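Visitor: Input: one structure, supplied below.
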Amino acid sequence: MTDSAFEITADLVRDLLHEQHPDLADLAIREVAGGWDNQQWRLGDELAVRVPRTERAPDLQRKERRWLPVLAPRLPLPVPEPVRIGEPSARFPKPWTVMTWVPGEPLDRSPISGDDSAGRLADFLGALHVPAPAEAPAGSDRGAHPKECTDGFDHFFEAVAPGDIAEGLRAVWDDAVAAPEWEGPPVWVHGDLHPANVVVSDGALSGVVDFGDLFAGDPAWDLAAAWVVLPGGAAARFFDVYAHADEGTVRRARGLAALKGLVLMLIGRNGDRGLPGGKPTWGPAGRAALDRVLQGGPV
């Protein structure tokens, strides 16, 4: 999963702060579990240091630095915002970033319960999904119509699709593949909404993190969160509040939710087996998402 030749430790993070941002270097530092492209460290109570550990991570951080200050002021939930930039140095050869910390626990560790999180997520995505400027980043390994993702779906389906729901999942995917293309302007899309990238406080959705895969394109990639993130039965409320998803977009989103659920299941299985990049908590989250997908659409 990682390709950094450097061991990222608390001592390294403190040394980097002393070198470039000494006014922050005496704050408490503690490691945050999880992360994929970046290793994250709490810095005091209100900040976090994101240190890249994959080859693509510096570009993802640059994207967040460029666009989160533009997007954050209009979003109704807290998101991380860049505070300081760390430059490559002899101690560490890649750029790194000090961000604001979004309080709460990730959804894969603390479930949503008993509030209108469907409405909160719909309001958040409604505010995010506005036409993006021409210079906005394009999608990379995501953002395409489901028909362009069939090989990937087949791979994950063959690897982990539960036998008791496999037929239903295939039907949902085939319907997404047959759905019309997105015909609207490219809108801002978070691109990676799953249970580890949304934050919960007191059972309520309270923040969204990790905008490294932000792109301009089809909102269906985010609307899949109606099944991947929200509890069972919440999709109808979500789409009622979101209000501007047509039938084709909902069909694409539901198929993409099936794809994302399978990805979560595979990463969870890898975690159970102790494989690099595996995350055991993602398996149950993936299976729950697939069960919600098969409960049906918003109507």
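Visitor: How many residues does the stretch 124-154 contain that are farther than 19 Å from Gly184 by Cβ and either in a strand (DSSP E or B) or of a type in the set (D, E, K, R) (or both)?
Guide: Selection size over the stretch 124-154: 3.
Visitor: Something else: Between Asp164, Asp192, Asp213, which is in a loop (DSSP other than H, G, I, E, B), more than 8 Å from the chain's Cα centre (by Cα) and not basic (Lys, Arg)? First the steps, then the outcome.
Guide: Values: Asp192 fails: more than 8 Å from the chain's Cα centre (by Cα); Asp213 fails: more than 8 Å from the chain's Cα centre (by Cα).
Every option except Asp164 fails the conditions.
Visitor: List the pairs whose first member sits in the stretch 267-284 and is more than 19 Å from Phe157 (Cβ to Cβ), whose second member is in a loop (DSSP other than H, G, I, E, B) and charged (D, E, K, R), and whose Cβ atoms are under 8 Å apart, counting only residues at least 6 apart or on separate chains?
Guide: Gly271/Lys279; Lys279/Asp108; Thr281/Asp108; Thr281/Arg109
Visitor: Name every residue in the stretch 33-46 that is open to solvent by 30 Å² or more (accessible area, probe 1.4 Å) and of a type in the set (A, V, I, L, M, F, W, C), in order of residue number.
Guide: Those that are open to solvent by 30 Å² or more (accessible area, probe 1.4 Å) and of a type in the set (A, V, I, L, M, F, W, C): Ala33, Trp36.
Visitor: For the stretch 236-246, check the following and say yes or no: at least one residue is of a type outside the set (Lys, Arg), surrounded by fewer than 24 Cβ atoms within 10 Å (Cβ to Cβ) and without any contact (Cβ under 8 Å) to a residue 12 or more places away in the chain.
Guide: yes
Visitor: Is it the case that Val130 is open to solvent by 20 Å² or more (accessible area, probe 1.4 Å) and touching a Phe, Trp or Tyr at 6+ places or on another chain (Cβ under 7 Å)?
Guide: Criteria met by Val130.
Visitor: What number goes with the only condition from (1) of a type outside the set (Ser, Thr, Tyr); (2) out of contact with any Leu (no Cβ under 8 Å at 6 or more places or on another chain); (3) under 16 Å from Pro162 (Cβ atoms) that Asp240 does not pass?
Guide: (3)
Visitor: Tell me which residues, restricted to the stretch 105-117, are within 30 Å of Glu7 (Cα to Cα) and buried (at least 19 other Cβ atoms within 10 Å of the Cβ). I'd like the intermediate steps shown before the answer.
Guide: Here is the first cut: in the stretch 105-117, the ones within 30 Å of Glu7 (Cα to Cα) are 105-110.
Across the stretch 105-117, the qualifying residues are Pro106, Leu107, Asp108.
Here is a yes/no grid of residues against (1) in contact with a Pro (Cβ under 8 Å, 6 or more places away or on another chain); (2) closer than 21 Å to Ser140 by Cβ; (3) open to solvent by less than 30 Å² (accessible area, probe 1.4 Å):
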| site | (1), (2), (3) |
| --- | --- |
| Pro185 | yes, yes, no |
| Leu205 | no, no, yes |
| Trp221 | no, yes, yes |
| Arg251 | no, no, no |
| Gly271 | yes, no, yes |
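Visitor: Take residues that are modelled with pLDDT of 95 or more and acidic (Asp, Glu) and tell me which of the helices (runs of 4 or more DSSP H) falling wholly in the stretch 216-275 contain 1 or more.
Guide: 220-223, 235-242, 247-272
Visitor: Also, quick follow-up: Restricting to the stretch 53-104, name every residue that is under 25 Å from Pro131 (Cβ atoms), touching a strand residue (DSSP E or B) at 6+ places or on another chain (Cβ under 6 Å), of a type in the set (D, E, K, R) and open to solvent by 50 Å² or more (accessible area, probe 1.4 Å).
Guide: Once the filter is applied, which keeps residues that are under 25 Å from Pro131 (Cβ atoms), touching a strand residue (DSSP E or B) at 6+ places or on another chain (Cβ under 6 Å), of a type in the set (D, E, K, R) and open to solvent by 50 Å² or more (accessible area, probe 1.4 Å), the stretch 53-104 yields only Glu81.
Visitor: Moving to a separate point now. Please pick out the residue among Glu167, Glu181, Glu135, Glu148 that is surrounded by fewer than 19 Cβ atoms within 10 Å (Cβ to Cβ) and touching a His at 6+ places or on another chain (Cβ under 9 Å).
Guide: It is Glu181.
Visitor: While we're on this one: Select from the stretch 51-83 the residues that are touching a residue at least 60 places away in the same chain (Cβ under 8 Å) and of a type in the set (Lys, Arg) and list them in ascending order.
Guide: Lys63
The values are calculated or read from the model by the stated rules, or taken from the named source; none is laboratory data. Note that the structure is predicted; figures quoted are calculated from it, not measured. Methodologically, a virtual Cβ is constructed for each residue, glycine included, from the backbone with ideal geometry; neighbour enumeration extends over all protein chains shown. The accessibility values were calculated without ligands, DNA or RNA, using every heavy atom of the protein model including side chains. Shrake-Rupley method; radii C 1.70, N 1.55, O 1.52, S 1.80 Å.
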